[in-house]
Amino acid sequence: MKLIKVAAASLNQTPMDWRGNLARALEAVGQARSQGASVVCLPELCLSGYGCEDTFLAPDTLRQSVGSLKALLPATRGLVVTAGLPWMVQNAVFNVAALIVDGRLCGLVAKQHLAGDGIHYEPRWFKPWPAGVRETVDFEGVGVPVGDLRFVVGGIRFGFEICEDAWVAARPGVQLAQRGIDVILNPSASHFAFGKIGIRQRFVLEGSRAFGCSYVYANLLGNEAGRAIYDGEGMIATAGRLVAVGSRFSYADVRVTSGVVDVDVTRMQQARLASFQPSMTEDRGTVAVEFGWPEVALEVGEAGVAAWEASERLKEEEFARAVPLALFDYLRKSRSKGFVVSLSGGADSSAICCLVGLMVAQGCAELGVEGFRRKLGYIGELSGATTVRELTGKLLTTAYQATENSGPVTREAARAVAEALGAEHHELDVSGLHAGYVAMVAGALGRTLDWARDDLALQNIQARVRSPGIWMLTNVKGALLLSTSNRSEAAVGYATMDGDTSGGLAPIAGIDKAWLRRWLEWMERDGPSGFGPLPALAAVNRQAPTAELRPPERSQTDEADLMPYPLLDAIERSAIRDKQSPVEVFRRMRLLFPAYEVSRLGVWVERFFRLWCRNQWKRERYAPSFHLDDENLDPKTWCRFPILSGGYEVELEELGKEIARVVGGTGAGAGVSAG
């Protein structure tokens, strides 16, 4: 047996936090050393931070990154360590992984496949390194190889796949296997999305099996730069078997996952593969480094995972962990002193309050109350809090803001949720402000405003008069105002700009309303494993969603204003995620929702497309939101659409003809409303 102990480190980094990023990298190296590991894989671009964006093209970012690398070297004596940073070669910036052996920089492996879709914009800053090419750069007066490299360290062969490299069909691992690689290191910055963990585990396992090697995967952790969330799972696999798996969504700054792999076993695995054909051509891309491997005791590698990972409601469990961790990091990295929510008693604001409550509960469960307070040490008001409930009361402030159209059901629901969580709750009456604005504008126009002519304006002013007070409360607290908009509302603009969209962060803007309501029902009955339910949500879940902006006698509900939420969300996925035309969307909706009358279905499809085009300007102005899946509507990171467009006029005419054909009517617009 030829045993070595390897480690994958998960780090909660911050772009351009030079001292902090280096300190966490050093801590990870120290933890790995204490666990007996000789090989330490740190995440992609961990020294600079992955989310530096256009500052990757700033000379000082490159200089500071190299300075951090120099500072890391002394801590790697007796170890093999890889750390990611940007590096300039021939006036182009590359995303590289530095391989350090026993305190000496031995080479820089450059990423070959750049992530340039979805939320990733790597080609804006970096160039892809061509396969098979090697250059030399100067480091401290010494020539260091850079490019498509492999390493033989003390007789053991190492290769790299840097994040996206492993996600493509022609992954570098194929060529690495032909060179008899023993260990593939994958430093990654792979953002969280629902269900994505299964894909990652498959390519790690399949890479180790098909390539006949051991595979070490390290990822970032937490909310690094504002929008993307990293779950921080480290993985070690060998010959198609998981040896070690790290926990996800940790509140710690550093998590190190280590395990023992047997190089002799993987070499014989390669030898047994009929498909394995070694490359016998001259190898100019391998760097040989002397290193004395320590004796390692055999370990039984059993990759255990948390019980919730096997839940039938995994999406609900992931949501209940990813967003609270993202809120925690956003809170401390922005140096805010807490969160403020305009709690209407409805689904959206109640869900956000639950997520803040889970943030405190989960953080304290992992770190302890004292450890949780320590990470928020800049908030002096937390010093006397000794329980989860007391901490929540210090960090979450809610306000129910009533107008004359607000009812007792939502008031009591808001009060019940705030009380159950332990939030500091206020009831503010803004009806006087509302009446004052209506009277002022009526006086300016010289006429009375009424619901027959001024419906939209009379609704919006109620939402907008709530904004100044909640902002003032937020400013007084030195806190962060959370916007309560969801993705379904964003799709059709069913929100009052500068009213309910007010806030510095929109934590659920990536979640559709229909699923959010199901999550709240799950939270009421079951809740996340280890934390339990919140029965007070019953007062929220038994209501039909309503903005409560029209007089009670008008019985306003969201779905009456728009369409049933499950249908709206299905139309959105087909039209925006799948890029289908109105006719194609209509045909799909007929299959998915056969109970709806054809003409009515056509009205709703047309309404969606018209509202979608009309409200792109609102989506451009929404507060930053968290990325959670490939159905995101955020125009800054995922879904680009023109503010001004032709509005699908030709396409909607085609829809009218399709509906006329189906119902047997005549005329291009049969069965389609004016929207």
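Worth a mention:
- Ligands, DNA and RNA left out, the accessible area of the chain computed with a 1.4 Å probe is 53% carbon and sulfur.
- Heavy atoms of the protein chains alone define the surface here; on that basis the chain has 39 Å² accessible area per residue at 1.4 Å probe size.
- Just so you know, the Rg over Rh for region 100-177 is 1.00, from Cα atoms, with Rh as the Kirkwood radius.
- Loop-located GluC sites (Glu not before Pro) in region 113-196 whose Cβ has at most 15 other Cβ within 10 Å (DSSP): E140
- Region 354-379 and region 582-654: distance between their alpha carbon centers, rounded to Å: 39
- Kirkwood-type hydrodynamic radius, region 419-480: 13.7 Å, calculated from all non-identical alpha-carbon pairs.
- Charge sum, other residues only, whose C-beta stays under 12 Å from I576's C-beta, Lys/Arg counted +1 and Asp/Glu -1: -1
- Exposure check, 1.4 Å probe, all protein chains in place: E309 carries approximately 40 Å² of accessible surface.
- FRET efficiency for A442 and S334, using Cβ-Cβ distance with R0 set to 60 Å, rounded to 0.05: 0.90
- For region 434-514, alpha-carbon Rg relative to the globular expectation (2.2 N^0.38 Å, N residues): 1.29
- The base-10 log of I(q)/I(0) for region 425-580, evaluated at q = 0.08, 0.16 Å⁻¹, reads -0.30, -1.13 [Debye formula, identical scatterers on Cα atoms, solvent excluded].
- Computed over region 499-585, the ratio Rg/Rh where both radii use C-alpha atoms and Rh is Kirkwood: 1.03
- By average C-beta atoms within 10 angstrom, highest first, the peptides 79-88, 617-626, 643-652, 366-375: 79-88, 617-626, 366-375, 643-652
The values are calculated or read from the model by the stated rules, or taken from the named source; none is laboratory data. These numbers were taken from a predicted model, which means no experiment stands behind them. As a convention, Cβ positions derive from the backbone with ideal geometry for all residues, glycine included, and neighbour counts pool all protein chains shown. All accessible areas refer to the heavy atoms of the entire protein, side chains included, with ligands and DNA or RNA removed. Shrake-Rupley method; radii C 1.70, N 1.55, O 1.52, S 1.80 Å.
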